[in-house]
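Pasting a structure here, questions to come.
The values are calculated or read from the model by the stated rules, or taken from the named source; none is laboratory data. What you are looking at is a predicted structure, and each value in this text was computed from that prediction instead of being measured. Backbone-built Cβ (ideal geometry, glycine too); neighbour counts: all protein chains shown.
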Amino acid sequence: MIYYPSDDIIANANVKEYENTYQESIADIQKFWAKQAESLEWFKKWDKVLDDSNHPYYKWFINGKINIIHNAIDRHLTTEKRNKLAYIWEGEPGDIRYFSYYELNKEVSSFGNILKAMGVRKGDIVTIYMPQIPELIFAMLACAKIGAAHSVVYAGFSSTALADRIADAESKLLITADGGYRRGKVVDLKGIADEAMQKSPTIERCIVVQRTGHDINMEAERDFWYHDLKALPIADGPCKTEVMDSEDMLFILYTSGTTGRPKGVKHTHGGYALYTSFVHKTVFDIKDTDRWWCLADPGWITGHSFIVYAPLINGTTTILYEGAPNYPYPNRVWKMVEKYGVNILYTSPTAIRGLMRFGDSWVNRHDLSTLRLLGTVGEPINPAAWEWYYRCVGKERCPIMDTWWQTETGGFMISPYPITPLKPGSATKPLFGIEADVVDEKGNPVPPGEEGILVIKKPWPGMARTIYKDDERYKREYWSAYEKQKWYRAGDSARKDEDGYFWIIARIDDVIKVSGYRLGTAEVESALVSHPAVAEAAVIALPHDVKGNAIHAYCILTEGANPSPALEKEIKEHVRHEMGPIAVPEQIEFVTTLPKTRSGKIMRRVLKAKALGQDPGDLSTIET
Ligand code: WT7
């Protein structure tokens, strides 16, 4: 079944034609991106669009001078956008705060002044560990404004995960809050941050935003209340937006990879500003009057790109919500869509499936007639969830933009535009400037309908520049598989149908997507074996109705430890403490052996086939 956009959608779309523009865009990517880059304000124009002389370390807009904040905030202040709402924020308990672009600038400027007074300098990396409150965004923007980089650590991560990330970034300053609300409960972020700071000696100071007002520990000389700092004269007055080079670091964001520790994906001021704002405006057809709601956490790339930077650059009004989408009732999201007159809603398949469970009546209580477009991201969307989203939420009027992309790509890569005919479950086609394909291991194209490896054949401005402090790993993980061709290997399998539509299948490396969150099997396994009773562990992903995938763990116990439900519970708690709630296995099975290759690698595919009652395939390399 193919779903066609209405005449109305087509008539008003920002992108009116695909095929010719697409061909033109990839025929000369430099020309294409140079033209798009005119939409940004540069302090000094670039000399050259792309420097590809040092593959795979590409550089964009060489010698261009820019600051993403100038484009996201400063330039709007002299236009009619000045008094337009930048953010409408709703806390989980129902408190509301509004910020115009003018007010946003005031907030970001005083946060920037405070950061400078605390000793933050251009090039430093500030770690941010915050609930979804406006100050999280102000903190990020303030870093960028003064030329520092941010490393936001999602507030669901544990103290160990936070400490590891602080250590890798060598942050001297941590910004956190006394807590946040989730499902009516206070999450004690400061307690977790305290533990992390004990383990990470680089931290000298910590700024604490008051959100919940519950009692927390404040260490003299180290911890400072944000509201106290804001009341000081140091916070007053304008704050200079630093002149940055296009290629200067804007942020690092840690994500899971195939092996070992999470990697700090690095993005830059110039290319990232252009790429995210361009895809946001074109894919989601952003209009000046729109209210845009991206239901993600600013702590992930979706939030960085599409709650913070792209919507601000496009001068959009963005909704930000602190809490759980089904709290206190399953109509929270629909109620907010009606209340704020949301025009475009962007969320994940797991959230859609989670809300679908409660049935249509929760949705139908609300007037959702302001919605014009819908979006999804994070994992393949199953056709049943797609149909429900389309029918029950969008009332068969709103095209669904199924956007395929990654932390490393900065913004959407394969996605429909509103004019694209849709096939439920397909992210459709590569966006302008993006040359994607499905190939075999040698790089030969696979025939239509057959599974292969997803590659991107040309660089794009929003691409990650490297893994922080690990250029080699960047090359190895993404570029070594197709070194000769100079293609980017995304780590997903996919097929392309006879119409050239892409269907993403799954990760082909040891990365698991649980509720759209990305986890490395290696990280979860190392958290498991750090429990004294666990000698060896293997984890696999098995299908789950709401989460998409759920983690199943196999553990070999140490001498003297005995399998029991109590031990299973204890190990799960241990993983929660080591990594955070998203990494906790659904089930732990105690075993005495694990299938391994002769070289000692755990054969997860054998475990998975067995668990699913399928044929484990070629076992010739298994150790017996
Ligand atoms: C991986 C990247 C939150 C921003 C994107 C997630 C999977 C993402 C889709 C989609 C099928 C998707 C891929 C990709 N993925 N979007 N529309 N259809 N799969 O960023 O955490 O870096 O994860 O998410 O497997 O490689 P991320």
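Rundown of residues vs (1) within 18 Å of Arg465 (Cα to Cα); (2) at pLDDT below 95, yes/no style:
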residue	(1), (2)
Ala220	no, no
Ala235	no, no
Lys240	no, no
Ser256	yes, yes
Arg261	no, yes
Thr276	yes, no
His280	no, no
Asp288	no, no
Gly299	no, yes
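Look through Gly303, Gly264, Gly323, Gly270 and report the one residue that is crowded, with 19+ Cβ neighbours inside 10 Å, in contact with a strand residue (DSSP E or B) (Cβ under 8 Å, 6 or more places away or on another chain) and more than 25 Å from Met413 (Cβ to Cβ).
Step by step, each of Gly303, Gly264, Gly323, Gly270 is checked, and only Gly323 is crowded, with 19+ Cβ neighbours inside 10 Å, in contact with a strand residue (DSSP E or B) (Cβ under 8 Å, 6 or more places away or on another chain) and more than 25 Å from Met413 (Cβ to Cβ).
Can you report the number of residues in segment 417-437 which are in contact with a Pro (Cβ under 7 Å, 6 or more places away or on another chain) and either more than 29 Å from Gly264 (Cα to Cα) or among the aliphatic types (A, V, I, L, M) (or both)? Please lay out each step first, then the result.
As a first pass, look at segment 417-437 and keep what is in contact with a Pro (Cβ under 7 Å, 6 or more places away or on another chain): 418-419, 422, 424-425, 428, 436-437.
When the remaining residues are screened for being either more than 29 Å from Gly264 (Cα to Cα) or among the aliphatic types (A, V, I, L, M) (or both), the result is 418-419, 422, 424-425, 428, 436.
Qualifying residue count, segment 417-437: 7.
Then there's this: Of all residues in segment 284-297, count the ones that are part of a loop (DSSP other than H, G, I, E, B) and within 12 Å of the ligand (Cβ to nearest atom). Reasoning before the result, please.
So in segment 284-297, the residues part of a loop (DSSP other than H, G, I, E, B) come out as 284-290, 295-297.
Narrowing the set further to residues that are within 12 Å of the ligand (Cβ to nearest atom) leaves 295-297.
Within segment 284-297, residues that are part of a loop (DSSP other than H, G, I, E, B) and within 12 Å of the ligand (Cβ to nearest atom) number 3.
Residue check, Glu379 against (1) in contact (Cβ under 8 Å) with a residue 40 or more places away in the chain; (2) within 24 Å of Lys16 (Cα to Cα); (3) not β-branched (Val, Ile, Thr), all met but one. Which one?
Every condition holds for Glu379 apart from (2).
Suppose we keep only residues that are in a strand (DSSP E or B) and of a type in the set (S, T, N, Q) within segment 306-320. Which one would you say is surrounded by the most Cβ atoms within 10 Å (Cβ to Cβ)?
Residues of segment 306-320 in a strand (DSSP E or B): 317-320.
Now restrict to residues that are of a type in the set (S, T, N, Q): 317-318.
On the way: Thr317: 25, Thr318: 23.
If we take residues in segment 306-320 being in a strand (DSSP E or B) and of a type in the set (S, T, N, Q), then Thr317 is surrounded by the most Cβ atoms within 10 Å (Cβ to Cβ).
Only residues that are part of a helix (DSSP H, G or I) and either surrounded by fewer than 23 Cβ atoms within 10 Å (Cβ to Cβ) or among the polar types (S, T, N, Q) (or both): list them for segment 136-160, please.
Listed by number, the residues that qualify are Ser159, Thr160.
Another question about this same structure. Yes or no: segment 209-217 includes at least one residue that is in contact with a helix residue (DSSP H, G or I) (Cβ under 7 Å, 6 or more places away or on another chain), closer than 20 Å to Ala169 by Cα and buried (at least 20 other Cβ atoms within 10 Å of the Cβ). Before you say what the answer is, go through the steps one by one.
From segment 209-217, those in contact with a helix residue (DSSP H, G or I) (Cβ under 7 Å, 6 or more places away or on another chain) are 209-210, 216-217; that's our starting set.
Narrowing the set further to residues that are closer than 20 Å to Ala169 by Cα leaves none.
There is no residue in segment 209-217 that is in contact with a helix residue (DSSP H, G or I) (Cβ under 7 Å, 6 or more places away or on another chain), closer than 20 Å to Ala169 by Cα and buried (at least 20 other Cβ atoms within 10 Å of the Cβ).
Among the residues in segment 388-402, are any of a type outside the set (D, E, K, R), more than 16 Å from the ligand (Cβ to nearest atom), touching a Lys or Arg at 6+ places or on another chain (Cβ under 9 Å) and part of a helix (DSSP H, G or I)?
yes
Does at least one position in segment 407-417 carry a residue that is modelled with pLDDT of 95 or more and either more than 16 Å from the ligand (Cβ to nearest atom) or surrounded by fewer than 18 Cβ atoms within 10 Å (Cβ to Cβ) (or both)?
Within segment 407-417, not a single residue is modelled with pLDDT of 95 or more and either more than 16 Å from the ligand (Cβ to nearest atom) or surrounded by fewer than 18 Cβ atoms within 10 Å (Cβ to Cβ) (or both).
Given the conditions (1) part of a loop (DSSP other than H, G, I, E, B); (2) touching a His at 6+ places or on another chain (Cβ under 6 Å), and given that Phe251 satisfies all but one, which numbered condition is not satisfied?
With respect to (1) part of a loop (DSSP other than H, G, I, E, B); (2) touching a His at 6+ places or on another chain (Cβ under 6 Å), Phe251 is out only on (1).
Still on this structure, I have one more. Looking only at segment 326-358, which residues are more than 14 Å from the ligand (Cβ to nearest atom), of a type in the set (Gly, Ala, Ser) and either crowded, with 24+ Cβ neighbours inside 10 Å or part of a loop (DSSP other than H, G, I, E, B) (or both)?
Of everything in segment 326-358, just one residue is more than 14 Å from the ligand (Cβ to nearest atom), of a type in the set (Gly, Ala, Ser) and either crowded, with 24+ Cβ neighbours inside 10 Å or part of a loop (DSSP other than H, G, I, E, B) (or both), namely Gly341.
Among Arg82, Arg75, which is more than 22 Å from Thr268 (Cα to Cα), in a helix (DSSP H, G or I), modelled with pLDDT of 95 or more and over 26 Å from the mean Cα position of the chain (by Cα)? Write out each step before concluding.
On the way: Arg75 fails: more than 22 Å from Thr268 (Cα to Cα).
Answer to the selection: Arg82.
Please return the ranges of strands (runs of 3 or more DSSP E) entirely within segment 482-545 where 2 or more residues are of a type outside the set (D, E, K, R) and away from the ligand (no atom under 16 Å from the Cβ). Write out each step before concluding.
Numbers: elements: 488-496, 502-507, 511-514, 517-520, 534-544.
Output list reads 534-544.
Pairs please, first residue from segment 198-220 and closer than 18 Å to Ala231 by Cα, second anywhere and assigned to a strand (DSSP E or B) and of a type in the set (Ser, Thr, Tyr), Cβ atoms under 9 Å, 6+ apart in sequence or on different chains.
Listed by first residue and then by second, the contacts come to Cys206/Thr176; Ile207/Thr176; Val208/Thr176; Val209/Thr176; Arg211/Tyr181.
Here's a follow-up. Within segment 362-383, can one find any residue that is within 16 Å of the ligand (Cβ to nearest atom), crowded, with 18+ Cβ neighbours inside 10 Å, more than 28 Å from Ile10 (Cα to Cα) and not hydrophobic (A, V, I, L, M, F, W, C)?
The initial filter retains those residues of segment 362-383 that are within 16 Å of the ligand (Cβ to nearest atom), namely 373-383.
Checking the rest, the ones that are also crowded, with 18+ Cβ neighbours inside 10 Å come to 373-381.
Next cut, more than 28 Å from Ile10 (Cα to Cα) only: none.
Checked segment 362-383: no residue is within 16 Å of the ligand (Cβ to nearest atom), crowded, with 18+ Cβ neighbours inside 10 Å, more than 28 Å from Ile10 (Cα to Cα) and not hydrophobic (A, V, I, L, M, F, W, C).
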